[in-house]
Amino acid sequence: MQVQVIENVLKVNDDIAAMNRQALRQAGVWSVDLIGAPGCGKTLLLEATLQRLGGLRPAVIVGDMATQRDADRMARFCSQVVQINTGKGCHLEANHVRQAVGRLDLSQVDVLFVENVGNLICPVGFDLGQDAKVGLFSVSGGDDKAAKHPFIIVESQVILLTKTDLLPHIPFDMDLFMADIRKLNPTVPVIALSAHSGEGMDAWIDWIRAQSRKDAGR
Amino acid sequence: MHEFSIATALLDQVVRHIPPRSVLRRVTIEAGPLQGIDPEAMRWAWEAVTEQTACAGSKLEIVQKPWRLRCPDCGQDRDAPELDNACPCGGQRCHPVDSDALRLLTLTVDQEDDPHASSGDRERPEGE
């Protein structure tokens, strides 16, 4: 006997993500999911971002398989930080975020940053309820990584190329990297930046401000 | 190995849809190319997550969907086996749309109290 189902495989996750999205929007919080490989510079970027937000009040949810280290780093710049340890899990799921959001005082938050587990593949398919996904690629990761990870390129609302201060020291074909992105996503903004030197950080902060303002009017 | 993440979610979902007093024989899913699923790894992951569950021994069938490409110049959508920005209209700006499907389509089950239960889908043990 055949049973017809036709349902998204990640339906349970999607349903919880929809609840997260509604709760965050009702609280006036704009949220963003940072997705990138281990070592691509997510945590340093967030540290640099938290110091440049001006009047926007941040909160951070940070996912790692183990340790509290990233939360300790963020806590120097942000009073509302929740570390999630996924144990064996290679990505955050909507339920992780739901539990973490429950530990935040959303009335004191304008922008919620979610730093996903370092992984450019698994996190992409799991909706967390965020307003925007950000795909991070680093100069040191190599110029071929966009073409190799099409899902994050298509899903991202902005793509960041990090560690541009290394460009003089590492062969990186910027034209190839951009062409690979454009094949998959003709319109996504791409910001090249360095949290270390500060180059490009203004463009990233401007994007956050513009996006959060735009979505606040929805 | 994101196939393992997907297999874990799929098992939870399949268990919710199996009719009472049924034995699961086959699961059919469809996957778009953006999901980047390797069929062999996916079947292996399914075998691993179903081991020692009521779904053990069931087969996973993966229908791999083609790319769906949209051309902004002629406005047409078309299916293609590979990602290709070139359009038959001459445009060079095709980009993927709706290529991220990951859906459970059907379950094939044998009902334990049904004497006419189809055994057509029952898999023979390996090596037979």
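Chains B and A: what accessible area do they bury, summed, in square angstrom to the nearest 100, with a 1.4 Å probe?
So the total buried area for this chain pair works out to about 2300 Å².
Would you work out the relative contact order for the range A:53-206, in percent, from Cα pairs under 8 angstrom that are 6 or more residues apart?
Relative contact order here is 19 percent.
Name the residues of the range A:175-218 whose accessible area, probed at 1.4 Å, falls by at least 30 Å² once all protein chains are in place instead of their chain on its own?
Relative to the lone chain, where solvent access is computed with a 1.4 Å probe, the range A:175-218 loses at least 30 Å² at A:183, A:184, A:186.
For the range A:1-118, what is the relative contact order in percent, using Cα pairs closer than 8 Å and at least 6 residues apart in sequence?
38 percent
I'd like to compare B:88-98, A:31-41: which one has the highest average count of other Cβ atoms within 10 Å, and what's the full order after that?
A:31-41, B:88-98
Of all beta bridges DSSP finds with both residues in chain B, what is the antiparallel percent, to the nearest 5?
Beta bridges within chain B, antiparallel portion: roughly 70 percent.
List the residues of the range A:1-21 whose accessible area drops by at least 20 Å² when all protein chains are present, compared with their chain alone, using a 1.4 Å probe and counting only protein heavy atoms.
Hits at the 20 Å² cut-off: A:1, A:2, A:3, A:5, A:6, A:7, A:8, A:9, A:10, A:12.
Treating the angle as unsigned and between 0 and 90°, give the value, to the nearest 10°, between the Cα long axis of helix B:2-17 and the longest Cα principal axis of chain B.
Compared with the principal axis, the helix lies near 60 degrees.
Where only protein heavy atoms count, and the probe is 1.4 Å, what is the accessible area per residue for the range B:4-57 in Å²?
47 Å²
Pull out the extension gain between residue B:44 and residue B:93, defined as 0.36 nm times the separation in residues minus the alpha carbon to alpha carbon distance; nm, one decimal.
Between residue B:44 and residue B:93, full extension yields an extra 13.9 nm.
Pick from A:198, A:54, A:141: which residue has the top mean-square fluctuation in a GNM of chain A where Cα pairs under 10 Å get a spring?
Highest fluctuation among the options: A:54.
Treat each spin label as a single point 7 Å out from the Cα along the C-beta direction, and report the residue A:203 to residue B:63 distance in nm.
4.3 nm
How large is the convex hull of the Cα atoms of chain A per residue, expressed in Å³ as a whole number?
145 Å³
Which distance in Å, rounded to a whole number, links the C-alpha centroids of the range A:12-58 and the range B:1-77?
29 Å
Anything losing 20 Å² or more of accessible area from the isolated chain to the full protein assembly: pick those residues out of the range B:24-59, probe 1.4 Å, ligands and DNA/RNA ignored.
The answer is B:34, B:35.
What's the carbon and sulfur percent of the protein assembly as shown's accessible surface, probe 1.4 angstrom, rounded to a whole number?
Heavy-atom surface of the protein assembly as shown belonging to carbon and sulfur, 1.4 Å probe: 49 percent.
How much FRET efficiency would the formula 1/(1 + (r/R0)^6) give for residue A:147 and residue B:113, where r is the Cβ-Cβ distance and R0 is 51 Å, rounded to 0.05?
Between residue A:147 and residue B:113 the formula returns 0.45.
Straight distance only, please: which aspartates and glutamates reach the Cα of residue A:163 with their own Cα at less than 16 Å, same-chain residues fewer than 8 apart left out?
Residue A:163 reaches A:47, A:143, A:144, A:173, A:199, A:202.
Scan around residue B:102 for amide H atoms under 5 Å from its own, H built in the peptide plane at 1.01 Å from N, and keep only partners 5 or more places away or cross-chain.
Residues meeting the criterion, in which the H sits 1.01 Å from N, are A:9, B:32.
Let me have the relative contact order for the range A:131-188, percent, based on Cα pairs under 8 Å that are six or more residues apart.
Relative CO of the range A:131-188 lands at 45 percent.
The values are calculated or read from the model by the stated rules, or taken from the named source; none is laboratory data. All of these numbers come straight from a predicted model, not from anything done at the bench. A quick note on method: Cβ atoms are made from the backbone with ideal geometry, for glycine too, and the neighbour counts reach across all protein chains shown. These area figures cover heavy atoms from the full protein model, side chains too; ligands, DNA and RNA do not enter into them. Shrake-Rupley method; radii C 1.70, N 1.55, O 1.52, S 1.80 Å.
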